[in-house]
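To keep things clear, I will list the structure first and then write my remarks on it.
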Amino acid sequence: MKKILLSVLTMGSLMSVQGALVQYSVTLDGLSESPVNASPGFGSGTVNYDNVTHSLQIQVSFSGLTGTTTASHIHAGTAAPFAGTAGVATTTPYFAGFPIGVSSGSYSTTLDLTLASSWNGAYITANGGTTSGAETALGTAMADGKAYWNIHSTTFGGGEIRGFLVPVPEPSTIALAGLGTLGIAGSAWNRRRINKS
């Protein structure tokens, strides 16, 4: 049984290493802003980062803003995970085609991270002067819980709603955790059975 479990774990870890796509979820609200505000606005979305194709697929839906949208982008990296503020990493003042002048809407696009137009120029400069340096910095910030998506409005110029990017476990990771738990339980059951003999 140990050999089988080891083989499954090894196979799972190899699949995980080869996987290039990392998915993040984001929930945006006024309570997550810095400083906190009482906006009834709410948003949710996903950010899919692919380090092989060097792309960032982003999607968000939002509603209930007290003002109308003026800007939206991803900031990185804060000094501590899930807290604080940071400079803008992606396009400023907003993603191309993002709905501006509305209090609710949805948006989806894919950024080519090899293009300077996907970035805030200051973020590129601060991270080695190349898009690849900017991508490495953003990838690290997202993985460390130090990147957030902000939507600014006419009411809250500094940001009406925001949310930190939270990693979504891959199905293979969840399956491996389940297999590990089963293996531990099976091993304990087997030891008890042998000790009773």
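Under the condition of being over 16 Å from Leu113 (Cα atoms) and either surrounded by fewer than 15 Cβ atoms within 10 Å (Cβ to Cβ) or not aromatic (Phe, Trp, Tyr) (or both), the residues counted in the stretch 24-58 number 21. Evaluating Thr125 against the criteria (1) surrounded by fewer than 14 Cβ atoms within 10 Å (Cβ to Cβ); (2) within 22 Å of Gly64 (Cβ to Cβ) leaves one unmet condition, (2). The criterion of being within 20 Å of Phe62 (Cβ to Cβ), modelled with pLDDT of 95 or more, in contact with a strand residue (DSSP E or B) (Cβ under 7 Å, 6 or more places away or on another chain) and among the small types (Gly, Ala, Ser) holds for Ser108.
Could you list, in sequence order, the residues of the stretch 99-126 that are touching a residue at least 24 places away in the same chain (Cβ under 8 Å), in a helix (DSSP H, G or I) and of a type in the set (S, T, N, Q)? Ser117, Ser118, listed by residue number. Looking across the stretch 137-169, the residues that are in contact with a Ser or Thr (Cβ under 9 Å, 6 or more places away or on another chain) and assigned to a helix (DSSP H, G or I) come down to Leu138, Ala141.
Here is a yes/no grid of residues against (1) out of contact with any helix residue (DSSP H, G or I) (no Cβ under 7 Å at 6 or more places or on another chain); (2) closer than 15 Å to Val26 by Cβ:
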{"position": "His54", "(1), (2)": "no, no"}
{"position": "Gln59", "(1), (2)": "yes, yes"}
{"position": "Thr68", "(1), (2)": "yes, no"}
{"position": "Pro99", "(1), (2)": "yes, no"}
{"position": "Thr114", "(1), (2)": "no, no"}
{"position": "Gly139", "(1), (2)": "yes, no"}
{"position": "Ile151", "(1), (2)": "yes, yes"}
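Among the residues of the stretch 59-85, those identified as of a type outside the set (S, T, N, Q) and either surrounded by fewer than 17 Cβ atoms within 10 Å (Cβ to Cβ) or under 18 Å from Thr154 (Cα atoms) (or both) are Phe62, Gly64, Leu65, Gly67, Ala71, His73, Ala79, Ala80, Pro81, Phe82, Ala83, Gly84. Identify, from the list Ala96, Ala86, the residue that is farther than 22 Å from Ser39 by Cβ and either out of contact with any Pro (no Cβ under 9 Å at 6 or more places or on another chain) or assigned to a helix (DSSP H, G or I) (or both). So the residue among Ala96, Ala86 that is farther than 22 Å from Ser39 by Cβ and either out of contact with any Pro (no Cβ under 9 Å at 6 or more places or on another chain) or assigned to a helix (DSSP H, G or I) (or both) is Ala96.
The values are calculated or read from the model by the stated rules, or taken from the named source; none is laboratory data. Only a predicted model underlies this, so the values are computations on that prediction, with no experimental measurement involved. Heads up, the Cβs are rebuilt from the backbone with ideal geometry, glycines too, and the neighbour counts pull from every protein chain shown.
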